[in-house]
Structures are given as C-alpha cells and as structure tokens.
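Everything below concerns the one structure shown next.
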Amino acid sequence: MIEQLKRDTNQASDIIDKKIEINNQTIHIVYSEVLASSEDITGTILRNISYIVEEDLLKNEDLFTYLYNNIPGHNRVIVKDYADFLKKIWNGYTIIYISDQEIFAFETKAQLDRGINTVDSELSIRGPKDSFTENFNKNFGLIRRRIKSEHLWIADLEIGKETKTKVGVFYMQNIVEDTLVKEVIHNLKKIDIDGIIDSGYLKKYLVKKNSVFPTIITTERPDLVSMALLEGKCCILVDNSPYALIMPCFFIDFFHNPDDYYQKAFSITFIRFIRVLAFFIAIFIPAYYIAITTHNHDSVTTDLLINFLSQRRSVPFPALVEGLIMTISFEILRESDMRMASTMGTAVSILGGLVLGDAAVQAGIISPIMIIVVAISAISGLAFTSIELTSAIRFWRILLMILAAMLGIYGIFLGLILLVTKLASITSFQKPYLAPFSPFIKVEQKDAILKINSGNQIKKRNPLLTTKNRIRGR
Amino acid sequence: MKLDKITSYQYATLTFFLLNSFSMNVGYYTLTNQCGNDSIFSILLGGIFILILASFIFYLHHKYPEGIVQMMQKKFPIFPKVVFSFFFFLLIGISSIYSFSILISFLHYYVLKEVGLLVISVSLMITILYIVTKGIKTISKISEIFFYFSIFIFLFGSIGLMKYMNLSNLKPLLTTTVRKSLSSSLIYFLSSMIPFFLLFSIPKKEMENTKHFKKLPYLLTLLSILFTFIQLMIIISVLGIHLTNIYQHPDMIIYKKISFLNILERVEVFLAFNNILNSLFVIILGIYLLNQMINSFLKKKKEHISLALIGLIFIIVTTLFTFPLDLYLMTSIALFLLFGIFILCCLKYKDNHS
Amino acid sequence: MKKWIFILGILLSTGCTSYTELNELSIVNTLGIDYQENQYQLVINVMDGSLDDGKIEENFTTYTSQASTLEEAFQMIYLKSNKRIYLSHIDLLILTEEAINHHLSNIINNFLQNNEYRNNFNVILLKEIPLETFMKEQIEAEQINHLLNTNYKETAMSKPQDLETMMQELFIDQNTFLPTITYENQEILLRGITLIKNYQVLEELSTEDTILWNLLKNTLQKTTISPYTIFENQTLLTTKKNEIYFHFLTTVNQKENFEQSIKPKLLSFLTKFQTKDYDILKLTQKIYQNDYRYYQKTPNLLSKLNFHFSFETKEKENYLQGELFHETR
C-alpha cells in the first residue's frame, strides 16, 4: 500500500515513511509532514515505540496486537483498505503499517488555524466576542460548550470528490422538525462536485429558487448559532470555513442582532424600529428625491422646491443620471476601501471624500442635495450585518430610482408593490419568508419588531419551526 | 400549523380590500347625488344588508368547498356549464376592465398628470400580471401586509382632517324620501356582489380549516363598512354637500388640506395609495378568475399565454373605449341575479348527482 | 427569468417621455385677475431661485396677458414666458372689483375644472390701485398671507378667506366675503372685508363693522372696541324657529356698561343688512340645518328673524390698586 501511495502522489515530499526494526520485523510509520503534528508523533508514538523491550514481546506473539494495545494515542482506529488509508493520511493521522492487513492509525492533527479570535464582521458590543475559526472541531467545541445537552445531534457528511470536506449538520433532536433535517441532508447528499472550499458553496445546493434576498443566514458567532439551534433551526458547519449556515430563516431575522437579547427590551424596541426605518430609507429615499424633482413637483412645499431648483440649476445631468453616478461612485469607493491594504486606506478615504464631496459640487457636476440623499441612503443600507441583504438593498434601490425617474411617485408605488410581492413569494425551506407578519402569528409578535418581556408567562417557540416541543420555560 | 394554506386573517384582509373598492368603482358621488346628507344613513342600512349577504356567502363557502370553476367542471352538464361560464366570464371581465379604466384615469388625473394613459396602463398591467402569476397564496399574503398600510393611511388622513371638520355641514338629516334612501342603500349593497363573488371563487382546500374561520372575515367586513361610513362623514363635514356632489373623488380633494405642523404638507399623493390598493385587488382577483376559467376549457394549460392575452385585451379596450359611469352597478345587479340562479342550479344538480 | 421580463417590460414601455426638469418650470406664486375693456387681464408672479455662494436668493418675474376668456389669457402668457406655467404652488389669488362683478362664476369654474390648482390658497380683493402696478411691486404672497393671519388673530379687523371656503359659501346662497387690501405710499394696507351678494360686490365693511361681524360669527379671539378690550370671547348661537339667540361669554377689561354699549351696535348692524335683504351671517342656512321643516314652510325667512342678545362678561384681573395717573394741565 505504501508503494501505491508513493506512486499515486508522485513521491510527494510531504509524505514521510519512517522504518523501524523491532524483533526482525519492519514497521513503517507513515504520515503527512504538513498535516500531522510532529510533536505528537515524536512525543508519544516514537518515544513509546522506543520503550519496547524485546522481552515483553515474548509474552505477546503478535507485534500488531502489542503495539495496538500499548502505544497510547488519541483516537486509535484500524485501517481497513487503501481508500481508508488515504483518508487517514489526508486527515492528519499517523499510520503504523506492519503489513497490508495489519495497519492502524492515531490522530495527530496539526494546528493549522489561527486560534479562536474575536468576531470582525459582526461586532458584538455587549455579548460574547469569540468567533468560529477554520477548524471544524474547534467550532463544534464552541457550540457544545454552550449547549451541554444529549439532544444536540450531528449528522456527519463528506462532500467534494477531491477535497473530501467534512460537513456537519447540527440540530436539537427534541425540538427540530424531522422533515427539515431530512430535506437538508438529502440536498447535501445529492451534491456531486469536485470541491467545497467554503460554506458559501453549499448555499446554491440547499436553496431551490434563487432570489436576491438571502434565505440562509451566515454567521461567525457561536452564540447566534446556539440561539438558533434552541429555537428549532438547523445549522451547518463546514471544515475550513469560519462561517456557519443557519436555516430556515425569516426576513425579520436580518433585523435582529444577538446582542438584542442581552439588553433591556424597551431600548431594543426603539433600535429595531430604527433598523426597519433604515431599511426603508435605504431603498426609497433616492427614488423619492428623483420623483419629486421630475414628476411630482406638487408633493413638496414651495420653499423646498425653490431650494432644489436653485441647487439643480448648474447641474448638466438629469436627476436619475446624477443619482446613478453618485451611487456607483460610492460602491466603487466602498469596494476599493475593502480591498486596499490598511496602510493606504486612509489616503484613499480622504481622496474619495474630497472627490465625491466638495470638488464635485464646486465643479458643478453634482448638486449638494444629491450627495446628502445618496450618502444617507448608503449609510442606512450598511446598518445590516448580512452582506447579501445589503446587495439586495442596493439592487432594489437602483431599480426604484429608475422606476421613479420614469413614473414618479406612482413608480415608487409600483416598486413597493413589486417588493412586497417578491418578499411574500419567497419561501425558506417551505416556511413563508414574511412570517410572523404574513401569516400573522400572534405569539411571535413579542419578538418581531417590538420586544416585550413576557414576564411570568410561559415562553413558547415559533409554531412554524417546531411542533414537537413548544415550551421553552418561564 | 398548516403552512401553505390561506389563513382566515388573509382571507379577511382580502374581503376588506375588495369591499373598500366601492369608493373607486361606484364612488361617493353616486350616493350623495341621490340623497344628499342622508347618504350616511344609506351606508349604514346598506351595511346591514352586506353583513347578511356576507354570512350567506361564508355559509355557502362552507357547504360547497370547491371554487366556482371546479364546481362547474365537476357537477354541471355541458350546456349550463357553457352558459354560466360565458356569462360569468363576461360580467367579471366587464367589471374588471371598468375597474382598471377607473384606476387608470384616477392615476392620470391625480398622481401623474403629464404621463400618457397608455404608459400608465401598460406599467400597471405588467405589475398586476406579475402578481397573478405568483398564485392565490401570494396574493393573500400581499393583502395581509398592505392591510397595515391601509389602516395607517386611513388613520393619518382622518386625524389630519379633524380640525377642518364642521359637523353642522352634516345637517339637516332625514330630509329626503324613504325611497331615495333605500335606493342608495341598495346601490351600496349591490356593489358588494362582485367582491363576494370573487371571494367565492377561491377554493376552500387552499384555506385553513379552523372552527372560527368566519369570525375574522365578518369583523373586517364590518370594519370596511365603518371606514366607508367615517370617510363619507368626514367628506361631507369638510367639503359641504354641494362640493361633494361635484367631484368624482372628493376624498382626494380633502386630503389636499392636511398639514401637520407646517412640515408634513401636500401628502395627498401618498394617501392616494389607499385608493390604488382598493381597486387593485378587484382587478387582480378578476384576472385570476378569468385565467382559471380560460384554462379550464383548454386541454393544455398555457397560463402565461392566456394571461398575456388577457392583459393585452384589457389595455386595448381601456384605451379605445370610455365607459358609462354606472356600468359597474349594472354588472353587479346582473351578477347578483345570475348568482342566485347559479346557486339554485347547484342545489338541483347536487341532488341529481347524489 | 419571469421577473426580469416583467421589469424590462415596465421600463421599456415608459420611455421617459414625460420627464420634466425643475428648471423647465416657472412656479407661479401669485395670480391676479382683472377685467378691463371687455377683456380679462391676467397677471402672474413667478418665483425663481439661484444659488449664490451657498446662499439661496429668490427672485420674482411678472407676466401679463389679456384676452376675452380666461383660458385664452393663460395661453397668451406663453408668448412671453419661456417655461411651463406651474400652478400647484399658488399662494395667493388677487381679484379686482371689476373681475368679480363681471364674471366671478367663470373664474370659480376655471379653478374647479383645472386639477393642478390646490384650492387652499387665500383670496383677496384689491382696491384703488391697478392690478398690474401692484403685482409689479413683487410683493411675496407669504407677506400678505402673514399680514392677514396676524391681523385676524390679534385684532379681527379683517378675516382671511380661502378659495374652497369661498366656493362652499357661494354654492349655498351666492353670498360670500373677501378681505380688502390697498397699496399706499409703498405700504400694504389692510381694510375690513368686502361683501359679495349674488356674485356682485355689495359693499365694503369698515374695520369696526368687521369686528362686530367676527364677534357675531364666533371667529374673534381678541380685539378692541373702544374703550373696551376683549381678551377672550365665545359666541353661542341657538335658533328657535325665527328667533335667533346670541349668547356671549366674554372677558373684557372693564365690565361697566359693556353690555349697554355693545348691544345697540350689534342690533343696528344686523337690522341694517336685514333691510338690505342680505343674510350676512348665513342665519337662514343655520335654520335650514337645525329646523328643516320650518325652513321649508316659511318664505322670506330673513325678514322675519328676531335677534336676542345675552351677555356673560368676566372682567380680567387687574393687579393695580389705587388711582391711575391723570393728565395734569
């Protein structure tokens, strides 16, 4: 088998084959230098092999059984065939090979990740700050630490012909609906692809109808995942990816933050109203401005109209073109800011601010009011942690701007009707996207936009997510 | 909880919007031109008749769970099926086209003054067809969401107009003859026939089967009647009866007066959204029903082509013809009579088959 | 895929044909209508703004036109104006006596039929100065509106009138009123109200008579009918067939002889217009609303009305004790 391995990998330099002679028998110790931890190998396995005294072997006839029972190690398994042999090598195991029928392995994985860091894409102000890493076991550990229950089950899968990535589907067996888990596992098993590099790859296989709005939550935070598991949702962790997937999700989930549950209900109600307002502002404000300066001049007071008129006097472009230029410039600035190294970041920001701000106005290309409108809209759109929702907002903002330029405020009405239709027709794993508003679920209103303390009443779970175990406690 | 069924709340909000279409399709001017200040009583009286009809329709829906199209396909022999289908098709088609043309001219007059009628009608028809392709479940979800908008707009408008109300404009009451009051209440009652017929066409299997299914639709029917009553009261007390008789949409005229703290002014275009929503659901459900009827006669179901054809016919007829103002009422009366005959035939054929 | 077809369909079908830039509009601020030599004279004040060093400056332009009908007069303005006349932001309508006497109903019909007007603007009557001269002074409509409102709140010597209320009153019995304004020595001067009967100008009320009129209509807040100062007032009006009962709840500075001095003034004011057959307070309309059957049975109701006054006066607190200053000779 070792010869076959060397042939198949073209004598790869990271495959190490150590030969040790014991009692006139040669044992091979095979491992991948980059995947296995050399400290574990020298510290436990090789040292223990060196302690073997030839007299002890007289009692035991079988070298294989002796070594198998006497060398301490983590996660000791017997290797059955060549495929298993390969799998173990690529997973960082050290193989102890005596003959083709007498092989066993120890897990000696190297630490190839960055350790548990703080979250950087979803900031936590008043809550736990640990985040997932690229190591599947560490991520699993972060969840197990929070849910110390025997009902937390995991379905292990291996996806990808070449990458053989480990994927785990987590769910609370006593809460979640069986149909959901079956559907998720069925969809994952159907995947026939060469490699899964990140959890994002799995999204298009799990979702039947693609739409602009996200139907799966991606998160880096283990506390959000634990909360979701306790609500009756199911979660997927992928090896080498720090982002977990949570499904099913509702539209209102993107307006919630895990930090909301660690603070007072009253202030959170206000903050959630602000988020909903930010959503509407981000989509509708540029379109509203374009509509009132092109079609519906009677919807503003006279003073404001004269104000707009005097500002737009020197601008050579129509309002729609002006708006599109500003929006696209802002997006380019945002994109370049993300890709730029931090050393050059401040210079680019200053340049962008100057160019898009004062200079454009002085040169008479853009009116000041358009800068304000687009800036407010863009900043409101960035109030959400989900990147997909931000890009959905961006798409609808541009669509509504075009509709407003063509049809004025009536165009905005049509856009609103189209937006609501689109949201109402999306389903996330057969659950309606706009729940708990449509269909109206009275129980969930306490946590949708308003956050009301239920006091001494029994807390119940969302009836859409679970029918098994509705009661959470008091 | 059944996920993919229409809940009673969604059904109720659909009823609410369909009944509210009275203000656009028939209009307050019909009532006030008949009996002046007493039109507010005629709304109350007509409202009582509407509640009776509502209970009858909900009872029928419970008894005959299939929608109209499926009922005719299964139970009726060919000749009555063709006749009834033809007449229902004609009446619903006429009322939907009329509703569509009224909405287009309303938009052209109040919201978009410079844009041509064809442009407005094409853009509206495309939106409506998009909604119809999504199916009845999405339509009911949309009505649930827009119900909140409608309530907010109504409350905002009413509160803003309170300081302009002059209650003595409502007097004198009880000055017209009983015959006129009765006839205007019958106008209000009969104009609700088309909404109820459209509701009756939704098959019961798509709806949740709960014990208290009737309660919410009843409540929202009552709410719609109450809103119409309050709206008419506000209109007459702000404008006076003479000006109300002149305008076709007096509710838009009074919205021009609203001004909160000198900042929130000129909001009538946003409050026109309420009127758009009221008419929209009649047109959407009308086209949905027409599409179903066409597809029940064709062997191969080609939904998108038939929808596109329906949309094209709507646009062409709207641009070429102008309709007399009481066409909606005439079709409602005809539908009322035809529906009665239909129910009798249902009883007869059900007995024959069972 | 479906969604894209629909969206594209909407976008391609509209074609941006009715796009109006703000700079293509001339926003009318004040509209003036006169009738001279068998022709309507239409004068409009157009507002415009320009950005000057970050500050917005408003400037006005005046256009005049003449024609035999009002619609033609609007058309003739396009011989001078290079932008589309936009009528949704009118703040003031100025009419002259000749315009009212000749064709008030035509003017009102024009405002009813054109949807662009929002009929909530104030209407005034201009006297003793030609309309064009007044408009060319380019006085902002806001100034005149503020003048009307402030005067009304502080002294009730006049009353603002908006077009919709005017239309309502004309529909009831063809009678209405308009506040009167003149322009003397580069100053705007407000004079009482002018009464309109059967679409014709009847007479102008002095400021004292206007105060009495406001008092009777319960539209008075504070005023001075020398030597009395009224701080608060509420008038309750009840009708019983042809008997009209006015009950005044007033707070005055001196209670002494207030009732005796005011009562005859009110009575003479009302009887003067009763003899002229002019229902100045629309009392017949009140009787029509309260007692419909009596109204139907009785012809010539206005001449049969009897007025009764009752007062409930309160004196405003005066914290001065002792004698006040007298003039020394």
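Along its first, second and third principal axes, ordered by size, segment C:256-301 spans 42, 22, 13 Å in Cα coordinates. Along its first, second and third principal axes, ordered by size, chain A spans 105, 57, 38 Å in Cα coordinates. Using a Cα-Cα cut-off of under 15 Å, which aspartates and glutamates could be cross-linked to A:Lys129, ignoring same-chain neighbours fewer than 8 residues away? By straight Cα distance, A:Lys129 reaches A:Asp120, A:Glu220, A:Asp223, A:Asp259, A:Asp260. Listing B:Ser140, C:Ser18, B:Ser55, B:Ser99 from fewest to most neighbouring C-beta atoms within 10 Å gives B:Ser55, C:Ser18, B:Ser99, B:Ser140. How far is helix C:141-154 tilted off the main Cα axis of chain C, in degrees rounded to 10, range 0 to 90? Approximately 20 degrees, to the nearest ten. Once Lys and Arg get +1 and Asp and Glu get -1 on their Cβ, which of A:Tyr171, A:Ala360, A:His256 lies farthest toward the positive end of the dipole of chain A? Result: A:His256, furthest along the dipole toward the positive end. Springs between Cα atoms under 10 Å define the GNM used for chain B, and in it the highest mean-square fluctuation of B:Ser192, B:Ser259, B:Ser121 occurs at B:Ser259.
The mean count of C-beta atoms from other chains within 10 Å of the C-beta of residues in A:420-429, rounded to a whole number, is 5. Only helices enter the 222 nm calculation for chain B: every DSSP H run of n ≥ 4 contributes -39,500 (n - 2.57), and dividing by all residues gives -25000 deg cm²/dmol, rounded to 500.
Take the cross-link list B:Lys204/B:Lys302; B:Lys256/C:Lys217; B:Lys74/B:Lys205; A:Lys190/B:Lys5 and give me the ones stretching past 21 Å between alpha-carbons. Violating the 21 Å Cα-Cα cut-off are B:Lys204/B:Lys302; B:Lys256/C:Lys217; A:Lys190/B:Lys5. Where the alpha-carbon atoms of segment A:173-289 are placed on the principal axes, they occupy 48, 37, 27 Å, in descending order.
Here segment B:1-89 is assigned +1 on the Cβ of each Lys and Arg and -1 on the Cβ of each Asp and Glu. Its dipole about the Cα centre then comes out at about 440 debye.
From the helices alone, meaning DSSP H stretches of at least four residues, give me the mean residue ellipticity at 222 nm for chain C, per-run term -39500 (n - 2.57), in deg cm²/dmol to the nearest 500. Using -39500 (n - 2.57) per qualifying helix, the result is -10000 deg cm²/dmol. Residue by residue along B:232-242, Cβ atoms of other protein chains within 10 Å of the local Cβ number 2 on average.
Most fluctuating residue of B:Lys74, B:Lys204, B:Lys257 in a GNM of chain B with Cα springs under 10 Å: which is it? Looking only at B:Lys74, B:Lys204, B:Lys257, the biggest GNM fluctuation is shown by B:Lys74.
For the pair A:Ile185 and A:His74, label points projected 7 Å from Cα toward Cβ lie 2.8 nm apart. Among C:Gln143, C:Gln296, C:Gln174, the residue with the largest mean-square fluctuation in a Gaussian network model of chain C, with springs joining Cα atoms closer than 10 Å, is C:Gln296. Sorting the Cα pairs of segment C:238-329 by distance into bins of 5 Å, from 0 upward, gives 3, 11, 18, 17, 13, 11, 9, 6, 5, 4, 3, 2, 0, 0 percent per bin. Listed cross-link partners B:Lys257/C:Lys286; A:Lys442/B:Lys113; A:Lys208/B:Lys214; A:Lys468/B:Lys350; A:Lys446/B:Lys141 are compared with a 32 Å cut-off, the Cα-Cα value being larger for A:Lys442/B:Lys113; A:Lys208/B:Lys214; A:Lys468/B:Lys350. Axis of helix B:178-190 versus longest Cα principal axis of chain B: the two differ by about 50°, to the nearest ten degrees. Its Cα gyration tensor gives the protein assembly as shown an equivalent ellipsoid; the semi-axes, largest first and in whole Å, are 75, 38, 29.
Dividing the helix sum by the residues of chain A, where each DSSP H run of 4 or more adds -39500 (n - 2.57), gives a mean residue ellipticity at 222 nm of -13500 deg cm²/dmol.
The GluC sites (Glu not before Pro) of segment C:269-329 that DSSP puts in a loop, and whose beta carbon has at most 12 other beta carbons within 10 Å, are C:Glu317, C:Glu323, C:Glu327. If only the Cβ of Lys and Arg carry +1 and only the Cβ of Asp and Glu carry -1, the dipole of chain B around its Cα centre is close to 1000 debye. Roughly how far apart, in whole Å, are the Cα centres of segment A:318-355 and segment C:263-321? Going from one Cα centre to the other spans 72 Å.
Just report the Cα centroid separation between segment B:131-191 and segment B:45-97, whole Å. Cα centres, segment B:131-191 to segment B:45-97: 24 Å.
Computed on chain A, with alpha-carbon pairs under 8 angstrom and 6+ residues apart, the relative contact order is 13 percent. Here A:Lys6 is the anchor, and the lysines within straight C-alpha reach of less than 19 Å, apart from those fewer than 8 places off in the same chain, are A:Lys18, A:Lys19, A:Lys80, A:Lys87, A:Lys88. Note that segment C:24-205 carries a Kirkwood radius of 16.8 Å, evaluated over its alpha carbons pair by pair.
Here is what passes the span test in chain A: the DSSP H helices with alpha carbon length of 24 Å or more along the helix axis and a Kyte-Doolittle mean of 0.5 or above are A:265-294, A:319-339, A:387-425. Pairs over the 19 Å Cα-Cα cut-off, from the set A:Lys182/A:Lys233; B:Lys75/B:Lys300; B:Lys163/C:Lys153: B:Lys75/B:Lys300. Once Rg and the Kirkwood radius are both taken over the C-alpha atoms of segment A:289-347, their ratio Rg/Rh works out to 1.20. Kirkwood radius for chain C, taken over all pairs of different Cα atoms as the inverse mean of 1/r, rounds to 23.2 Å.
Every number in this text was worked out from the coordinates using simple rules, so none of it is lab data. It should be emphasised that the depicted structure is a prediction, and the values quoted were computed from it without experimental measurement. Virtual Cβ from ideal backbone geometry, glycine too; neighbours counted across all protein chains shown.
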